[in-house]
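Below: the structure, in C-alpha coordinates.
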Amino acid sequence: MSTYFIAFWNLENLFAPEDHPDREPWLAKKMADDLKGWSSDLFRRKIARLCRIIAQMNAGAGPDLLGVCEVENRFCLEALCAALNAALPARRYEPVHVDATRDHRGIDTAFVFDRNRLSVDPATIFSHWVMRRTGTRDITQATFTTTAGNDLIALCNHWPSRSGGPANESAGFRMTAGETLGYWHERIREERGVDIPVIAMGDFNDDPHDPSLTIHAQATRERDDVENAESARFYNLTWNILRQPAVGVAGKARMLYGSLYFKGNGNSFDQLLVSPALLLARSPLRVVEGTTRIEAFPEMVAQSKNEGPIRFGLPKGDPAKNIDLEGFSDHFPVSVTIEESVTV
(Lines give C-alpha, C1' and ligand atoms only; values in the text may rest on other atoms or scores of the structure.)
Protein backbone atom coordinates (compact mmCIF):
# COMPACT_ATOMS: atom_id res chain seq x y z
CA MET A 1 0.00 0.00 0.00
CA SER A 2 1.37 3.40 -1.04
CA THR A 3 0.09 6.81 0.00
CA TYR A 4 0.06 10.19 -1.71
CA PHE A 5 -0.12 13.45 0.19
CA ILE A 6 -2.06 16.05 -1.78
CA ALA A 7 -2.44 19.71 -0.80
CA PHE A 8 -3.67 23.05 -2.09
CA TRP A 9 -2.48 26.53 -1.13
CA ASN A 10 -3.37 30.04 -2.22
CA LEU A 11 0.12 31.58 -2.19
CA GLU A 12 -1.17 35.18 -2.04
CA ASN A 13 0.34 37.42 -4.67
CA LEU A 14 3.40 35.42 -5.69
CA PHE A 15 4.67 37.89 -8.27
CA ALA A 16 8.11 38.00 -9.85
CA PRO A 17 10.27 40.98 -8.77
CA GLU A 18 9.26 44.48 -9.84
CA ASP A 19 11.90 44.61 -12.59
CA HIS A 20 11.16 41.13 -14.02
CA PRO A 21 12.04 41.49 -17.75
CA ASP A 22 9.44 39.05 -19.07
CA ARG A 23 6.38 40.64 -17.46
CA GLU A 24 3.70 41.46 -20.02
CA PRO A 25 3.45 45.23 -20.63
CA TRP A 26 -0.25 45.44 -19.69
CA LEU A 27 0.44 43.68 -16.39
CA ALA A 28 3.49 45.85 -15.65
CA LYS A 29 1.28 48.91 -16.07
CA LYS A 30 -1.65 47.44 -14.12
CA MET A 31 0.44 46.31 -11.13
CA ALA A 32 2.99 49.15 -11.09
CA ASP A 33 1.80 50.66 -7.79
CA ASP A 34 1.30 47.34 -5.99
CA LEU A 35 4.71 46.02 -7.02
CA LYS A 36 6.70 49.21 -6.44
CA GLY A 37 9.43 48.13 -4.02
CA TRP A 38 8.89 44.39 -4.67
CA SER A 39 12.61 43.71 -4.89
CA SER A 40 14.49 40.51 -5.68
CA ASP A 41 15.32 40.24 -1.97
CA LEU A 42 11.63 40.43 -1.02
CA PHE A 43 10.74 37.89 -3.72
CA ARG A 44 13.38 35.47 -2.41
CA ARG A 45 12.15 36.01 1.15
CA LYS A 46 8.57 35.23 0.06
CA ILE A 47 9.75 32.04 -1.67
CA ALA A 48 11.69 31.02 1.44
CA ARG A 49 8.68 31.57 3.70
CA LEU A 50 6.39 29.53 1.43
CA CYS A 51 9.01 26.80 1.16
CA ARG A 52 9.34 26.70 4.95
CA ILE A 53 5.68 25.70 5.30
CA ILE A 54 5.42 23.37 2.31
CA ALA A 55 8.49 21.44 3.49
CA GLN A 56 6.82 20.83 6.86
CA MET A 57 3.78 19.17 5.31
CA ASN A 58 3.42 15.39 5.32
CA ALA A 59 5.47 15.02 8.53
CA GLY A 60 8.39 16.91 7.02
CA ALA A 61 8.45 14.98 3.73
CA GLY A 62 6.55 17.60 1.71
CA PRO A 63 3.54 16.97 -0.55
CA ASP A 64 3.53 14.64 -3.52
CA LEU A 65 1.17 16.97 -5.37
CA LEU A 66 0.46 20.61 -4.54
CA GLY A 67 -2.12 22.78 -6.27
CA VAL A 68 -1.48 26.52 -6.05
CA CYS A 69 -3.09 29.78 -7.09
CA GLU A 70 -2.18 33.48 -7.17
CA VAL A 71 1.06 32.76 -9.02
CA GLU A 72 2.11 35.22 -11.71
CA ASN A 73 4.09 32.96 -14.03
CA ARG A 74 6.33 29.94 -14.53
CA PHE A 75 9.37 31.90 -13.30
CA CYS A 76 7.79 32.06 -9.83
CA LEU A 77 6.92 28.36 -9.89
CA GLU A 78 10.43 27.34 -10.92
CA ALA A 79 11.89 29.45 -8.11
CA LEU A 80 9.57 27.72 -5.64
CA CYS A 81 10.47 24.27 -6.99
CA ALA A 82 14.19 25.04 -6.75
CA ALA A 83 13.82 26.09 -3.12
CA LEU A 84 11.78 23.00 -2.28
CA ASN A 85 14.23 20.66 -3.99
CA ALA A 86 17.06 22.20 -1.98
CA ALA A 87 15.09 21.83 1.27
CA LEU A 88 13.88 18.29 0.47
CA PRO A 89 16.68 16.49 -1.43
CA ALA A 90 14.61 13.31 -1.82
CA ARG A 91 12.11 15.26 -3.91
CA ARG A 92 12.26 16.35 -7.55
CA TYR A 93 9.58 18.98 -7.81
CA GLU A 94 8.48 20.35 -11.18
CA PRO A 95 5.68 22.75 -12.17
CA VAL A 96 2.60 22.25 -14.31
CA HIS A 97 1.57 25.64 -15.63
CA VAL A 98 -0.49 27.05 -18.49
CA ASP A 99 -0.04 30.79 -19.00
CA ALA A 100 -3.57 31.38 -20.26
CA THR A 101 -5.36 33.26 -17.52
CA ARG A 102 -7.49 36.29 -18.34
CA ASP A 103 -7.46 37.49 -14.75
CA HIS A 104 -7.13 41.25 -14.46
CA ARG A 105 -4.01 40.85 -12.25
CA GLY A 106 -2.46 38.09 -14.34
CA ILE A 107 -2.46 35.45 -11.58
CA ASP A 108 -2.61 31.76 -12.46
CA THR A 109 -3.53 28.37 -11.07
CA ALA A 110 -0.90 25.63 -11.33
CA PHE A 111 0.51 22.45 -9.82
CA VAL A 112 3.82 21.45 -8.27
CA PHE A 113 4.47 17.69 -8.31
CA ASP A 114 7.24 15.28 -7.37
CA ARG A 115 8.63 13.69 -10.54
CA ASN A 116 9.95 10.78 -8.46
CA ARG A 117 6.40 9.73 -7.54
CA LEU A 118 4.17 11.07 -10.32
CA SER A 119 4.40 11.74 -14.02
CA VAL A 120 2.30 13.91 -16.30
CA ASP A 121 1.76 13.76 -20.05
CA PRO A 122 1.79 17.31 -21.49
CA ALA A 123 -1.09 16.28 -23.77
CA THR A 124 -3.30 15.90 -20.68
CA ILE A 125 -2.77 19.49 -19.46
CA PHE A 126 -5.66 21.87 -20.17
CA SER A 127 -6.72 25.37 -19.21
CA HIS A 128 -10.49 25.81 -18.92
CA TRP A 129 -11.65 29.40 -19.25
CA VAL A 130 -14.57 30.44 -17.04
CA MET A 131 -16.81 32.37 -19.43
CA ARG A 132 -17.90 35.84 -18.32
CA ARG A 133 -17.95 39.38 -19.70
CA THR A 134 -14.70 40.49 -18.09
CA GLY A 135 -11.37 38.74 -17.57
CA THR A 136 -11.39 35.88 -15.12
CA ARG A 137 -9.29 33.06 -13.76
CA ASP A 138 -8.88 29.69 -15.41
CA ILE A 139 -9.17 26.11 -14.16
CA THR A 140 -6.01 24.08 -14.76
CA GLN A 141 -6.51 20.36 -15.45
CA ALA A 142 -3.79 17.71 -15.57
CA THR A 143 -3.63 13.92 -15.43
CA PHE A 144 -1.00 12.59 -13.02
CA THR A 145 0.11 8.96 -13.22
CA THR A 146 1.53 7.08 -10.25
CA THR A 147 4.55 4.80 -10.52
CA ALA A 148 2.09 1.89 -10.36
CA GLY A 149 0.32 3.20 -13.46
CA ASN A 150 -2.87 4.61 -11.93
CA ASP A 151 -4.20 7.94 -13.21
CA LEU A 152 -5.49 10.80 -11.06
CA ILE A 153 -7.07 13.78 -12.80
CA ALA A 154 -6.67 17.02 -10.86
CA LEU A 155 -8.38 20.35 -11.47
CA CYS A 156 -6.98 23.46 -9.77
CA ASN A 157 -9.45 26.31 -9.27
CA HIS A 158 -9.44 29.97 -8.29
CA TRP A 159 -12.96 31.28 -8.63
CA PRO A 160 -13.95 34.97 -9.03
CA SER A 161 -13.55 37.06 -5.89
CA ARG A 162 -16.21 38.48 -3.60
CA SER A 163 -15.31 42.09 -4.37
CA GLY A 164 -18.27 44.18 -3.32
CA GLY A 165 -19.79 41.41 -1.19
CA PRO A 166 -21.17 37.92 -1.84
CA ALA A 167 -24.76 39.09 -2.32
CA ASN A 168 -24.04 41.26 -5.35
CA GLU A 169 -23.44 40.17 -8.93
CA SER A 170 -20.14 38.47 -8.01
CA ALA A 171 -22.09 35.45 -6.73
CA GLY A 172 -23.26 34.78 -10.27
CA PHE A 173 -19.67 34.68 -11.50
CA ARG A 174 -18.88 31.91 -9.01
CA MET A 175 -21.97 30.02 -10.05
CA THR A 176 -20.65 30.20 -13.62
CA ALA A 177 -17.32 28.83 -12.38
CA GLY A 178 -19.18 26.03 -10.62
CA GLU A 179 -21.01 25.18 -13.84
CA THR A 180 -17.67 25.16 -15.68
CA LEU A 181 -16.16 22.73 -13.19
CA GLY A 182 -19.28 20.55 -13.27
CA TYR A 183 -19.25 20.51 -17.07
CA TRP A 184 -15.63 19.39 -17.30
CA HIS A 185 -16.18 16.76 -14.59
CA GLU A 186 -18.96 15.30 -16.74
CA ARG A 187 -16.80 15.45 -19.88
CA ILE A 188 -13.94 13.68 -18.06
CA ARG A 189 -16.30 10.86 -17.11
CA GLU A 190 -17.53 10.59 -20.69
CA GLU A 191 -13.97 10.37 -22.02
CA ARG A 192 -12.33 8.25 -19.31
CA GLY A 193 -15.25 6.36 -17.76
CA VAL A 194 -17.09 6.77 -14.47
CA ASP A 195 -14.34 5.03 -12.47
CA ILE A 196 -11.64 7.60 -13.21
CA PRO A 197 -10.41 9.30 -9.99
CA VAL A 198 -10.88 13.08 -10.04
CA ILE A 199 -9.91 15.63 -7.41
CA ALA A 200 -10.88 19.30 -7.69
CA MET A 201 -9.05 21.68 -5.38
CA GLY A 202 -8.80 25.40 -5.02
CA ASP A 203 -9.82 28.72 -3.56
CA PHE A 204 -13.49 28.79 -4.51
CA ASN A 205 -14.22 32.15 -2.82
CA ASP A 206 -17.41 30.54 -1.52
CA ASP A 207 -18.11 28.27 1.44
CA PRO A 208 -19.07 24.60 1.04
CA HIS A 209 -22.76 25.38 1.59
CA ASP A 210 -22.99 28.07 -1.11
CA PRO A 211 -24.99 27.31 -4.30
CA SER A 212 -21.94 27.61 -6.54
CA LEU A 213 -20.60 24.47 -4.86
CA THR A 214 -23.72 22.54 -3.89
CA ILE A 215 -25.87 23.17 -6.97
CA HIS A 216 -23.59 24.22 -9.82
CA ALA A 217 -20.46 22.14 -9.11
CA GLN A 218 -22.59 19.33 -7.63
CA ALA A 219 -20.41 19.06 -4.50
CA THR A 220 -22.14 17.66 -1.42
CA ARG A 221 -21.40 16.65 2.17
CA GLU A 222 -23.36 13.38 1.72
CA ARG A 223 -20.79 10.73 0.95
CA ASP A 224 -23.26 7.95 0.22
CA ASP A 225 -25.09 10.16 -2.29
CA VAL A 226 -21.85 10.59 -4.21
CA GLU A 227 -20.91 6.91 -4.00
CA ASN A 228 -24.28 5.93 -5.50
CA ALA A 229 -24.61 8.78 -8.00
CA GLU A 230 -25.00 8.03 -11.69
CA SER A 231 -24.11 11.60 -12.69
CA ALA A 232 -20.97 13.67 -12.10
CA ARG A 233 -20.97 14.58 -8.41
CA PHE A 234 -18.24 15.48 -5.93
CA TYR A 235 -17.88 14.64 -2.25
CA ASN A 236 -16.72 17.83 -0.53
CA LEU A 237 -14.10 16.80 2.02
CA THR A 238 -14.08 20.32 3.48
CA TRP A 239 -17.22 19.67 5.53
CA ASN A 240 -14.98 17.55 7.77
CA ILE A 241 -12.74 20.49 8.72
CA LEU A 242 -15.10 23.39 9.35
CA ARG A 243 -13.62 23.51 12.86
CA GLN A 244 -10.10 22.41 13.69
CA PRO A 245 -7.94 22.85 16.81
CA ALA A 246 -4.69 24.76 16.31
CA VAL A 247 -1.85 26.32 18.26
CA GLY A 248 -0.83 29.89 17.48
CA VAL A 249 2.50 31.69 17.60
CA ALA A 250 1.95 32.53 21.27
CA GLY A 251 1.54 28.84 22.10
CA LYS A 252 -2.14 29.28 22.91
CA ALA A 253 -4.62 26.62 21.78
CA ARG A 254 -7.49 27.93 19.69
CA MET A 255 -10.11 26.75 17.23
CA LEU A 256 -9.87 27.54 13.54
CA TYR A 257 -13.13 28.24 11.75
CA GLY A 258 -11.81 28.20 8.21
CA SER A 259 -8.81 28.49 5.93
CA LEU A 260 -8.89 32.30 5.88
CA TYR A 261 -10.38 35.14 7.91
CA PHE A 262 -12.09 38.33 6.78
CA LYS A 263 -13.16 41.02 9.25
CA GLY A 264 -12.88 38.53 12.09
CA ASN A 265 -14.92 35.80 10.43
CA GLY A 266 -13.53 32.47 9.29
CA ASN A 267 -14.37 31.14 5.82
CA SER A 268 -13.66 27.75 4.27
CA PHE A 269 -12.98 28.93 0.75
CA ASP A 270 -10.06 26.51 0.25
CA GLN A 271 -11.59 23.15 -0.50
CA LEU A 272 -10.94 19.62 -1.73
CA LEU A 273 -13.61 17.82 -3.78
CA VAL A 274 -13.36 14.16 -4.87
CA SER A 275 -15.22 11.98 -7.34
CA PRO A 276 -16.88 8.65 -6.42
CA ALA A 277 -13.86 6.69 -7.65
CA LEU A 278 -11.79 8.08 -4.75
CA LEU A 279 -14.31 6.79 -2.20
CA LEU A 280 -15.08 3.22 -3.28
CA ALA A 281 -13.26 0.22 -1.81
CA ARG A 282 -12.75 -1.34 -5.26
CA SER A 283 -10.81 1.70 -6.54
CA PRO A 284 -7.01 1.53 -6.76
CA LEU A 285 -6.82 5.11 -5.42
CA ARG A 286 -8.90 6.05 -2.37
CA VAL A 287 -9.15 8.90 0.12
CA VAL A 288 -7.90 7.91 3.56
CA GLU A 289 -10.75 8.63 5.95
CA GLY A 290 -10.04 11.35 8.49
CA THR A 291 -6.91 12.78 6.82
CA THR A 292 -8.41 16.00 5.45
CA ARG A 293 -7.03 18.95 7.41
CA ILE A 294 -6.06 22.60 7.45
CA GLU A 295 -2.26 22.84 7.43
CA ALA A 296 -1.93 25.43 10.19
CA PHE A 297 1.56 25.26 11.69
CA PRO A 298 1.98 27.39 14.85
CA GLU A 299 4.24 29.97 13.22
CA MET A 300 1.50 30.71 10.65
CA VAL A 301 -1.38 31.25 13.09
CA ALA A 302 -2.08 34.77 14.35
CA GLN A 303 -2.51 35.19 18.11
CA SER A 304 -5.99 36.72 17.96
CA LYS A 305 -8.95 34.37 17.70
CA ASN A 306 -10.38 36.78 15.14
CA GLU A 307 -7.44 36.34 12.79
CA GLY A 308 -6.24 33.40 10.74
CA PRO A 309 -2.97 33.04 8.85
CA ILE A 310 -0.19 35.62 9.07
CA ARG A 311 0.15 37.18 5.62
CA PHE A 312 3.32 38.35 3.88
CA GLY A 313 1.69 41.12 1.85
CA LEU A 314 2.79 43.28 -1.06
CA PRO A 315 4.77 46.52 -0.78
CA LYS A 316 2.21 48.78 -2.51
CA GLY A 317 4.91 51.44 -2.56
CA ASP A 318 5.95 51.06 1.09
CA PRO A 319 7.52 47.68 2.00
CA ALA A 320 8.22 48.78 5.58
CA LYS A 321 4.52 49.40 6.14
CA ASN A 322 2.88 46.70 4.04
CA ILE A 323 5.25 43.71 4.21
CA ASP A 324 5.57 41.29 7.14
CA LEU A 325 8.84 39.45 6.64
CA GLU A 326 7.69 36.79 9.12
CA GLY A 327 4.42 36.21 7.26
CA PHE A 328 3.40 33.64 4.66
CA SER A 329 -0.02 33.99 2.97
CA ASP A 330 -3.53 35.14 3.82
CA HIS A 331 -4.75 31.54 3.40
CA PHE A 332 -3.90 28.30 5.17
CA PRO A 333 -3.18 25.27 2.96
CA VAL A 334 -5.55 22.28 3.02
CA SER A 335 -4.55 18.65 2.50
CA VAL A 336 -5.68 15.05 2.21
CA THR A 337 -3.96 11.66 1.92
CA ILE A 338 -4.84 9.19 -0.82
CA GLU A 339 -3.86 5.53 -0.60
CA GLU A 340 -3.05 3.25 -3.52
CA SER A 341 -3.51 -0.49 -3.71
CA VAL A 342 -0.55 -1.93 -5.57
CA THR A 343 -1.01 -5.33 -7.18
CA VAL A 344 2.18 -7.40 -7.38
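The values are calculated or read from the model by the stated rules, or taken from the named source; none is laboratory data. Here the structure is a predicted model, which means the values were calculated and not measured. Using ideal geometry, Cβ is built from the backbone for each residue, glycine included, and neighbour counts are taken over all protein chains shown.
Within the stretch 276-326, count every residue that is without any contact (Cβ under 8 Å) to a residue 60 or more places away in the chain, crowded, with 17+ Cβ neighbours inside 10 Å and among the basic types (Lys, Arg).
Residues flagged as without any contact (Cβ under 8 Å) to a residue 60 or more places away in the chain, crowded, with 17+ Cβ neighbours inside 10 Å and among the basic types (Lys, Arg) within the stretch 276-326 amount to 2.
Report, ordered by the first and then the second residue, all pairs with beta carbons closer than 6 Å, sequence separation of six or more or different chains, a first member in the stretch 77-100 that is closer than 14 Å to ARG49 by Cα, and a second member that is of a type in the set (Ser, Thr, Tyr).
Here the result reads CYS81/TYR93; LEU84/TYR93, each pair linking the stretch 77-100 to a residue that is of a type in the set (Ser, Thr, Tyr).
Residues that are modelled with pLDDT of 95 or more, buried (at least 20 other Cβ atoms within 10 Å of the Cβ) and on the phi < 0 side of the Ramachandran plot: find the helices (runs of 4 or more DSSP H) completely inside the stretch 12-54 holding 3 or more of those.
Of the helices (runs of 4 or more DSSP H) lying wholly inside the stretch 12-54, those with at least 3 residues that are modelled with pLDDT of 95 or more, buried (at least 20 other Cβ atoms within 10 Å of the Cβ) and on the phi < 0 side of the Ramachandran plot span 40-54.
Looking at the stretch 131-151, is at least one residue over 26 Å from ILE294 (Cβ atoms), among the basic types (Lys, Arg) and modelled with pLDDT of 95 or more?
No, there is no match, as no residue in the stretch 131-151 is over 26 Å from ILE294 (Cβ atoms), among the basic types (Lys, Arg) and modelled with pLDDT of 95 or more.
Report every pair of residues separated by at least 6 positions or lying on different chains whose Cβ atoms are under 7 Å apart, first residue within the stretch 206-217 and of a type in the set (A, V, I, L, M, F, W, C), second in a loop (DSSP other than H, G, I, E, B) and surrounded by 21 or more Cβ atoms within 10 Å (Cβ to Cβ).
Pairs that qualify, where the first residue is of a type in the set (A, V, I, L, M, F, W, C) and the partner is in a loop (DSSP other than H, G, I, E, B) and surrounded by 21 or more Cβ atoms within 10 Å (Cβ to Cβ), are LEU213/PHE204; LEU213/ASP206.
Taking the stretch 175-212 as the search range and keeping residues that are of a type in the set (A, V, I, L, M) and in contact with a Ser or Thr (Cβ under 6 Å, 6 or more places away or on another chain), which one is modelled with the lowest pLDDT?
MET175
Does the stretch 269-280 include one or more residues that are in contact with a strand residue (DSSP E or B) (Cβ under 8 Å, 6 or more places away or on another chain), farther than 16 Å from ASP203 by Cβ, of a type in the set (Phe, Trp, Tyr) and part of a loop (DSSP other than H, G, I, E, B)?
no
Of (1) farther than 22 Å from GLU70 by Cα; (2) modelled with pLDDT of 95 or more; (3) touching a helix residue (DSSP H, G or I) at 6+ places or on another chain (Cβ under 8 Å); (4) in a loop (DSSP other than H, G, I, E, B), ARG286 satisfies all except one. Which?
Single failed check for ARG286: (4).
What's the number of the only condition in (1) of a type in the set (A, V, I, L, M, F, W, C); (2) out of contact with any Gly (no Cβ under 9 Å at 6 or more places or on another chain); (3) farther than 17 Å from GLY327 by Cα; (4) at pLDDT 95 or above that PHE8 fails to meet?
All conditions are met except number (2).
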